[in-house]
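All of the numbers you see were taken from the coordinates with simple rules; none came from a lab. Everything numeric here is computed off the predicted structure, so don't read it as measured data. Using ideal geometry, Cβ is built from the backbone for each residue, glycine included, and neighbour counts are taken over all protein chains shown.
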C-alpha cells in the first residue's frame, strides 16, 4: 500500500480553504474587533484570541452547587438533542477541517504565553492548543450533542523542531471513524513563512452520552477519493495495532515463553526493574483550567495533556 503523508492532504485542504475565505471582509472585521476588545481588557495580554479562551456556560460556584445537588439541575438541552437524534448524517473528511494561526511574528505578548525560561517554545502549550483544536474538529463531525473526550494521543512526529518564534498554523480534520463512538483526528503544525511541517500527530477522540456517560454512535465518515481511502486505511491499521497490543498486555495475561523463558538463569546483581524507576507527581487543577464538561463530572482538560508533554520533553 502506497503511503501518502497526511500533512500533504491537510496542506491541499488548507490551500482550498484560503482561496474560499480570502474575500471575506465580515470574518476579518470580526477577528479585528475581537483582538481590539481583548487588548483593551488586558494591556499585557496577547491581542490574538486563543483556542483556550474560556467557553464556560456555568460559573464554578454554581457548578459545585449543581454537582452536590443534581436534582436541582435544569434539564439539559444537549441531552435532549442526543435523545431526539435518530438519524446520523454521513460527513466527509473535509467537512471537519479546521485551522488556527498563532501569530508569534506579530504579537510579542502571545510569545510570552508560549516561551519557557530559556527562551524556547514550550511544546506542552502547543499541545494544549492541539487538544483544543481536536475538540473543535470532533464537534464539527459529531455535532454538539455528545460529550467528546480525548482518549489518546498517538504517534507524535517532531519533524522540524522550531528554532524561532515565527507564525505557526495548527490544522487538522477527522481521518478515521470506528463506525461507533471513536474517531481519529490527524493534526499538524506548520511554520507559515517557511511552509515547513513542524510536527504531526493523531488524536483519538470518543463520544459519550452526556447523561449515561456511555459511548454513543457518531456520524459515519464518507471516504471517496483514492487518497482518502489510503488515509482511512492507515487509521484502521493503527486501531487494529492498538487493539492487538492491548489484548497481549501483561496486565491481562501472564508472560509468554519469549517474554519469560523460565530457563532458570539468575539475573545479575546490578539489574534494576522498570517499575522501580517510576516517578509520580500530583498536580492540583484549579477551576480556571476546567473544560466545557465540568458540570458532567469530567474535569480532565488540556492542562493535564500539557503537563504530560512537558514531562516527556524533559527526557530528550
If R0 is 41 Å, what FRET efficiency do you get for residue 224 and residue 193 from their C-beta distance, rounded to 0.05? 0.80
Simple SL model, points at 7 angstrom along Cα→Cβ for residue 118 and residue 144; separation in nm is 4.5 nm
At a 10 angstrom cut-off on C-beta neighbours, averaged per residue, how do the peptides 212-222, 90-100, 136-146 rank from highest to lowest? 136-146, 90-100, 212-222
Calculated FRET efficiency for the pair residue 211/residue 238, C-beta based, R₀ 41 Å, to 0.05: 0.85
